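A.B. asks: Below you'll find the structure I mean.
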Amino acid sequence: MNPSQGTELKSVLVQITVQRGNNMRGSKTESLLSFVRAEFSDTVLGESQRIDALVDEVVHYNFTCSFECSEFAYTLDDVAHKPVLLTVIEVLPKEKKQKEEKTAIVGQAVVDLLPLLQGQCSLSSSLLLYPTSGSLAETASQDESIKPTLDVTICVCEPLLSDIQIANSNLLKVTVETAYSVPEVWNQVSGNPSSYVAALQVPLTAAKEQVLMFSNGVLKVGGEREPFPRPKKWPLGPLQASGAQFIPDSIIESSEMEYGDLTSAEDREFRAEAECNRLRVCWDTERRCFIDAGGAACLAGKIVECRLWPVEIMRSTQAGAAKGGKAGKEKPGEDETQISFHGVAYVDMAPLLYPGVKCIRGAYRLYPFYESDLLIKAKRNISSLRESIRAPATHTRGRVPSSVGSCKVAQSKVFEAQKGGKDAKESPKKGKPAQADSVTEVEPQVNVEGQMYADSKSYIIIEIALEKPLVPKRPPEELAKRVMELIPPRPPLPRRPAGADRAVQEYQAQVANVVTQILDQYQQLFGAAFALGAKLLDPSAQEQCKRQILGELNYSGKYFAFKEQLKYSVVRIVREKMLRTEAFTDPAQLQAFLSQLYVFLVDQMHVTLNKTLSVDAQETQPQPLLDCAQLRHFAREAQMNQDHKLAAQYYQERVARDRSNPDHWFDYGTYHMLVADFLKAEECFHQAVSIYQAHLPSLLMCGILAEMNGRYEDAETFFEGATCVDTKSVVAWTLFGLFYQAQEKSIQAEMAFLEATKQLRAAVFCSPRSQPESGRDEEKNEETTETTKNETGDHPCIAIMGNTENAEVGSHSSQDSDAGKETTDPEPAGAPHKTAPIRNRTSIYMETVQFLLENGASQMAQRALAQELLCPERSPSSFYHLALARLQLLKGEYRSAEASLRQALTGGFENPDVWATYGHLHFLTEDHSQAQKCYERTLDFVTDASDTHLIYLRLGSIYLQQGQFEKAKMTYLRACKSSPSCLTWLGLGIACYRLGDMTEAEVALTEANTLNNGNPDVWAYLSLVCLQTSRKLEAEQSYKYAIKLNLKNESLLQEIKELQIHVGFGNPCF
């Protein structure tokens, strides 16, 4: 649809009716002879009849006037920003020898016509009548709480705008507040009055632009701040009643979110001082502009073409003002206006193109005006201030003054009917005018007066607001619906037992049903014996009751019915629990099986009876040996050791434990990202979102994968949905900005980056003091559980070995023991995903890189690092080079990673993460001696590295290879305290075995076997320990398991065989 369609304005008559006045008082104490004058846009619409009434009584004016709203008379823009001015005038009694009667203004009221542009056809209100300064009415209104009012009704026969026009149009509000730290020379007293003018040009339609003029600035000295909140003024000159100049329900409030030029900490300090002590010019004026559909499209297009819009400011000095304020009686040359201090502020309008943004407010620096700068920055070659001044200077001479002008009302904006003396064109301070108007167009080569703005660090506060955003933002409900369409939610299915468990539960249910029927039968037969207050039965009576109930069950046939009821469940137990589907051929085996079955059935019957008959009986479920946090820890350990098969097994077991936990699916998807299986990864992330639609990291990863696959619309939906799920997420906003940047949507990308920066500053300001080198303490805490405490701090093996620690452990012993005591409860399904704490001295890109590297999104991480490198306000930091090295390690670029780590060491020599990554690099390149030095240096720092588990594992393996078994024992002991796993206990067991301590070795190897009974090395070393301690059966069993699990360590296998030959047992082949 063409934006200009449907915007034609019909000629509509706007009718104003003044019904009555309340609590009216004039100069006389008894009666009041008054009439009402209605004015609109400097034109008198009419006057009411003169009504004489007693003081404080209702004055019935019943006065009606009207004006025509059309494209040729008064436009919609006039209705938007011009009020109807109602003036109550008192007719004073004639004195002796007085030829003409005198009048006095009682008060003025203003009617805001904006509701007519919002679709209303009629509005009635009781308007406060503001008294004139120094009048008796003002004194009376101060003494009493009762205020004079006017009852007014505004109506139109049909709406000014149709529903389509209202939906497509917009209302622009420009508020020029205050210019601070203006040149001090303005405060010098001069003989000629000065006016302070600001101007901004905006489009109203696709073909028409309007220059908004603010010429009612008031010069004030410093000493105190401008109050907040304070009312905004109409774009009118000074009225007779000062209270009528304020717009109802429109105030200026302080805002924390500002866009302008002065947003840094240093600038805020300067502003705090300037806004309190320095010279200023206050306008506090709001100008409304009605913008049709074409104008709104034109406004957005012009912002896209040039984001900087000039707001010009100047001081004009009148050499000779016309007396009486009558603009139509000046003589040529009598009114000569001198214009000086021509400055300009460049307002960045691009935030108005941010989705959902309706208002920008900020402090903008004032620069000296040069047309060359205007062309470069704003792509304009004409000063709108100069052009706007010429029109009123040439058109207003000879015009009959309006009634508003007779009341000393001067319009602040340059209309075609404004006075020429107020807003004349710019001319040099010295010299005569060469034309009829008093303005010359010679621009000085050096704007000396304008340069004072820069020297004084002047700035102006401007607010630009829209009724509706230029770029609508999709509401969170719509985004959630869109995400649900892409990934339908799947409610978790209830747990249902299958196989053997289901057969046992069915048997227990049948037993409970039989017990209930027997109890009912017993109650029928012997209910009186168990009544309240009855005597207890003796043993003989109880035995008689038992025989009677059994006889009744046999006689009635219920006994056989119960047997048939239980038969089917018993058959299922035999087949699915006992795994017997064929007939027995050996009677002895049959008898043994029946005995086993009978014992099992009786045990289950007792379990059921305890549940049914016991009030306090509680079902206890056996807890699994490993919880989900430990499985995640083991999976990441296997992943770091390149054992992807074992890592996948742990992740799958974790998902099988609780398929309704989105974090389990997310971690499984992250594993697939690291092994470059993007299809499987996307399936896992989709599954996490289907379980919990607001799972933030899964939404972000879905967006990344959707962008990688070219589904840009879906990616935008995921990223935008993530920002709605957590509006304070730095990572979500940064990824949203990176996506928009790849789509070449610079304004949207800027919006996302600014929001990310805002949230980062808020997080750094609100977060407690954190270590810059460590950002993943929460992740370490998450992997440490209650079972960790039981397996570390109180474990007998560590209790035995703890006495052997020496000074080599140093400061790490206390830190590791504290880490071993931390516990974390299992995460509930659907809980918000934990994020790493915000570090000091960081940036939005580095926080995002941290998230991307942890989750295997290397391509997006590379783009984020590129943006960090392009930041002009800072050079690449040690954290940048460290993150780049981690990315290069993931990609296998070891030489580039080494160069990056060297750069990281220059700026972060005491960063343990840098040395740890350097050690990993040497370890992967099999330079174990250098890796050992880096690891030892990392552990010597007071601050721990982000992940000490991998450091302990690799350093311990190096010690074992070098034969330094005592150091290996201490290193693995630390690992067992902080984050125990099968490999840490295995390393400890190997070190103890090489040191000849078989008891400690067996304890450690047993713990390793408990955590993972599928590790062949554990079984191999257990076999060696059993051979050394002369335990034949255990040695043979451990050896068979090692061979069955495909032991690949040839040297270890050869050592076992040699020891078996030496001791003469341990191999079943002997």
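A.B. asks: Considering every Cα-Cα pair within the range 935-1035, what fraction, in whole percent, is farther apart than 15 Å? Could the numbers behind the result be given before it?
C.D. replies: Values: 2984 of 5050 pairs.
Considering the range 935-1035, 59 percent of its Cα-Cα pairs are separated by more than 15 Å.
A.B. asks: Neighbouring Cβ atoms within 10 Å as the yardstick, rank 258, 100 fewest first.
C.D. replies: Numbers: 258 17, 100 6.
With the fewest neighbours first, 258, 100 line up as 100, 258.
A.B. asks: Can you pull out the trypsin sites (Lys or Arg not before Pro) in the range 28-92 whose DSSP state is coil and whose Cβ has at most 16 other Cβ atoms within 10 Å?
C.D. replies: Details: sites: 28, 37, 50; in loops: 28, 50.
For trypsin sites (Lys or Arg not before Pro) across the range 28-92 that sit outside H, G, I, E and B with at most 16 neighbouring Cβ atoms in 10 Å, the list reads 28, 50.
A.B. asks: Do the alpha carbons of any pairs in 232/468; 377/758; 473/891; 82/147; 481/680 sit beyond 30 Å of each other, and which pairs? If you can, show how the numbers build up before the last one.
C.D. replies: Values: 232/468 20 Å; 377/758 26 Å; 473/891 38 Å; 82/147 25 Å; 481/680 24 Å.
From 232/468; 377/758; 473/891; 82/147; 481/680, over 30 Å: 473/891.
A.B. asks: Ok, one more. Against the globular-protein guess of 2.2 N^0.38 Å, express the Cα radius of gyration of the range 51-96 as a ratio, rounded to two decimals.
C.D. replies: Numbers: Rg = 16.9 Å, N = 46, 2.2 N^0.38 = 9.4 Å.
Normalised Rg, Cα atoms only: 1.79.
A.B. asks: Can you tell me the FRET efficiency between residue 359 and residue 910 if r is taken as the Cβ-Cβ distance and R0 is 51 Å, rounded to the nearest 0.05? Each step should come with its number before you reach the end.
C.D. replies: Numbers: r = 46 Å, r/R0 = 0.91.
So the FRET efficiency works out to roughly 0.65.
A.B. asks: Moving on to the next point. What are the chymotrypsin sites (Phe, Trp or Tyr not before Pro) within the range 1-90 that DSSP puts in a loop, where the Cβ has at most 16 other Cβ atoms within 10 Å? Each step should come with its number before you reach the end.
C.D. replies: Details: sites: 35, 40, 61, 63, 67, 72, 74; in loops: 72.
Qualifying residues, ordered by number: 72.
A.B. asks: Kindly provide the GluC sites (Glu not before Pro) of the range 535-592 that DSSP labels as loop, not H, G, I, E or B, and whose Cβ sees at most 16 other Cβ atoms within 10 Å.
C.D. replies: Sparse-neighbourhood loop GluC sites (Glu not before Pro): 582.
A.B. asks: Please find the FRET efficiency linking residue 580 to residue 1062, where r is the Cβ-Cβ separation and R0 is fixed at 60 Å, and quote it to the nearest 0.05.
C.D. replies: Values: r = 46 Å, r/R0 = 0.77.
Given R0 = 60 Å and the Cβ-Cβ separation, E is 0.85.
Values in this text are rule-based calculations from the coordinates and carry no lab data. If you're wondering where the values come from, they're calculated on a predicted model, not measured in any experiment. We place every Cβ from the backbone using ideal geometry, glycine too, and count neighbours over all the protein chains shown.
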